[in-house]
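In what follows, a structure is listed as structure tokens, so that the remarks can point back to it.
A short reminder: the numbers here are calculations on the coordinates, not readings from a lab. What you are looking at is a predicted structure, and each value in this text was computed from that prediction instead of being measured. Because the Cβ atoms are built from the backbone with ideal geometry, glycine has one as well, and the counts that use them run over all protein chains shown.
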Amino acid sequence: MSAVEQSRRLATAIPGPRSLELAVRRSAAVARGVSSVLPVYARRAGGGIVEDVDGNRLIDLGSGIAVTTVGNAAPRVSAAVAAAAAEFTHTCFMVTPYRGYVEVCEQLNRLTPGRGPKRSALFNSGAEAVENAVKIARAYTGRQAVAAFDHAYHGRTNLTMALTSKAMPYKSGFGPFAPEVYRAPMSYPYRDALSDPELAGNGALAAERAIAMLDKQIGAANLAAVIIEPIQGEGGFIVPAPGFLPTLLAWCRDRGVVFIADEVQTGFARTGAMFACEDEGIEPDLIATAKGIADGLPLAAVTGRAEIMDAPHAAGLGGTYGGNPVACAAALATIETLELDGLVDRARQIGALTMDRLGRLAAEDDRIGELRGRGAMIAVELVRPGGAEPDAELTRRVAAGAHAAGVIVLTCGTFGNVLRLLPPLTISDALLTEGLDVLAEVLAALPR
């Protein structure tokens, strides 16, 4: 199939007739609980464009939720997948292992922050990686309790729902959840400033608030792990105040608590560093990764200090499909593309362009409460004029208006009032600027 033309085009209304036909078939075949952000059905995608079955070309500011970081159907990835699939599609690494799995682990051990010997294990999804990180931490410490944070999102399995903060749509009606999960306050500078400006700007102080709660509610002697997203994803792209993560890590190290960084959304160049932990120079004990690791193929990993990773007994980790050979080939090609094409630097360029364009918009419109994020992971928190009250309805309308105009944008946030921008790192400046201009036009057209 020929390359997708890199231009926005509305051939029909959104959705078009072919998408509407598929929607009817979907309603009869697909469970209601599986929802979609846009009402269009994709036919092909590449660069910064998703083309639907009606010939509409939409600017992609979502990357399949931070997955197609190196671009959809990236050439090296597509070629590697085809070659691997022609050789074999599955043997199960736990039965007859293969080189690709080993090579992906070697690359992860090289790329992730942290000195000293490291080990990795491969799985299928971010939630599965998180679950296994907790298993590994429990095996290493002999403790049971796990602490997560306000606004956290870690997945949809039973344990990861317990770790996740937001009830709807992720948890409501699906309990009871896994026990021995506790929650501590997150550093959320924009909202902390409403009650305590000192707390908002002092990450160490915010960490002490969380640590005090951990000491009181659990006690370090009972705590196997603390798990945190270096920049929270579904919770609203919340960037903790400087010093928050290092202070928390130091406390964990002093007390033998395993520090798990959930880099499922922030990993693989998304934030302008290969991993977001690098921004504050921290070296987690364990790192959970997925999403951008294999440019769209199901793969996830846990990487960490060798003595911790080796704590579980033989055969205690694994899974039939974990580290599938075709997905491993995709991951190796993705990492090669990130490094050879300079996409870490490209993420920083995207961040600078996005913050400049939206910064000018924010200066004119007080419905933008805060712009935040790093690299190609930028959030726009929308509020009611003249204050900081979350405006979920405005957020919904801006997103819907952008979708109708041919721009894919996602929403998030505990209060449902955050637009999140996750463009592929292969998007052109022209397409990115056009997509941001559409957002600005949609917001301007909505009544205050």
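For the chain, what are the DSSP H helices with axial Cα length of 20 Å or more and mean Kyte-Doolittle hydropathy of at least -1.0?
Numbers: long enough: 126-141 (23 Å, 0.04); 203-217 (21 Å, 0.25); 325-340 (22 Å, 1.35); 343-364 (32 Å, -0.02); 429-445 (24 Å, 1.15).
Helices meeting the criterion: 126-141, 203-217, 325-340, 343-364, 429-445.
Dimensions of segment 1-59 from C-alpha coordinates, computed as largest minus smallest value along each principal axis and given longest first, are 33, 21, 19 Å.
A straight chain from A400 to E208 at 0.36 nm per residue would run longer than the Cα-Cα distance by 65.1 nm.
Which chymotrypsin sites (Phe, Trp or Tyr not before Pro) in segment 38-138 pass both tests, a DSSP loop state and at most 14 other beta-carbon atoms within 10 Å?
F88
Across all directions, the shadow cast by the convex hull of the chain built on its C-alpha atoms averages 21.3 square nanometres. Near the amide H of V258, within less than 5 Å, lie the amide hydrogens of A225, V226, all on another chain or at least 5 residues away, with H placed in the peptide plane.
Kindly identify segment 119-163 as rounded, prolate or oblate by the Cα gyration tensor criterion: order the square roots of the eigenvalues as a ≥ b ≥ c, call it rounded if a/c is under 1.5, otherwise compare a/b with b/c, prolate if a/b is larger, else oblate.
Working: a/c = 2.11, a/b = 1.11, b/c = 1.90.
In terms of gyration-tensor shape, oblate.
Assuming R0 = 25 Å, can you tell me the calculated FRET efficiency for the pair A221 and A178, based on Cβ-Cβ distance, to the nearest 0.05? Show your work: numbers first, answer last.
On the way: r = 21 Å, r/R0 = 0.82.
Using R0 = 25 Å, I get an efficiency of 0.75.
Neighbour counts of other Cβ atoms within 10 Å put V257, V398 in the fewest-to-most order V398, V257. Largest mean-square fluctuation among R26, R183, R76, in a Gaussian network model of the chain whose springs join Cα atoms under 10 Å apart, belongs to R26. For the pair A362 and R110, the difference between a 0.36 nm per residue extended length and the Cα-Cα distance amounts to 86.7 nm. Rg of the Cα atoms in segment 1-139, relative to 2.2 N^0.38 Å, amounts to 1.38. Largest GNM mean-square fluctuation across S19, S35, S78, computed for the chain with C-alpha springs under 10 Å, falls on S35. Taking the three principal axes of the alpha carbon atoms in segment 55-102, the coordinate ranges are 44, 20, 17 Å, sorted in descending order.
Pop out the Kirkwood hydrodynamic radius of segment 77-340 from its pairwise C-alpha distances, inverse of mean 1/r, in Å to one decimal. Averaging 1/r across every pair of different Cα atoms and inverting gives 18.7 Å. The GNM of the chain, with springs linking C-alpha atoms under 10 angstrom apart, assigns the highest mean-square fluctuation among V37, V102, V438 to V37. Annotation: segment 367-430 has a Kirkwood hydrodynamic radius of 12.3 angstrom, from the mean reciprocal C-alpha pair distance. Can you give the helix-only mean residue ellipticity at 222 nm for the chain, where every DSSP H stretch with n ≥ 4 adds -39500 (n - 2.57) and the sum goes over all residues, rounded to the nearest 500 deg cm²/dmol? Using -39500 (n - 2.57) per qualifying helix, the result is -12000 deg cm²/dmol. Residue-wise HN-Hα couplings along segment 189-197, as the Karplus relation 6.51 cos²θ - 1.76 cosθ + 1.60 with θ = phi - 60° gives them from phi, are x, 4, 7, 4, 5, 5, 10, 8, x Hz; Gly and Pro carry x. Taking a ≥ b ≥ c as the square roots of the eigenvalues of the Cα gyration tensor of segment 184-277, is the shape rounded (a/c under 1.5), prolate (a/b larger than b/c) or oblate? Oblate, since a/c reaches 1.5 and b/c is not below a/b.
Given a Förster distance of 25 angstrom, what is the FRET efficiency for S78 paired with L20, based on the Cβ-Cβ distance and rounded to 0.05? The formula returns an efficiency of 0.25 here.
Here's the picture: charge each Lys and Arg Cβ at +1 and each Asp and Glu Cβ at -1 in segment 77-340, and of M274, Q232, F177 the one pushed furthest to the positive end of that dipole is F177.
Might you report the magnitude of the Cβ-based charge dipole of segment 205-280 about its Cα centre, with Lys and Arg at +1 and Asp and Glu at -1, to the nearest 20 debye? Kindly include the intermediate steps, with their values, before the conclusion.
Details: 5 positive and 10 negative charges, 47 e Å.
Magnitude of the dipole: close to 220 debye.
P(r) tail, segment 248-341: Cα-Cα pairs separated by more than 21 Å, 40% of all pairs.
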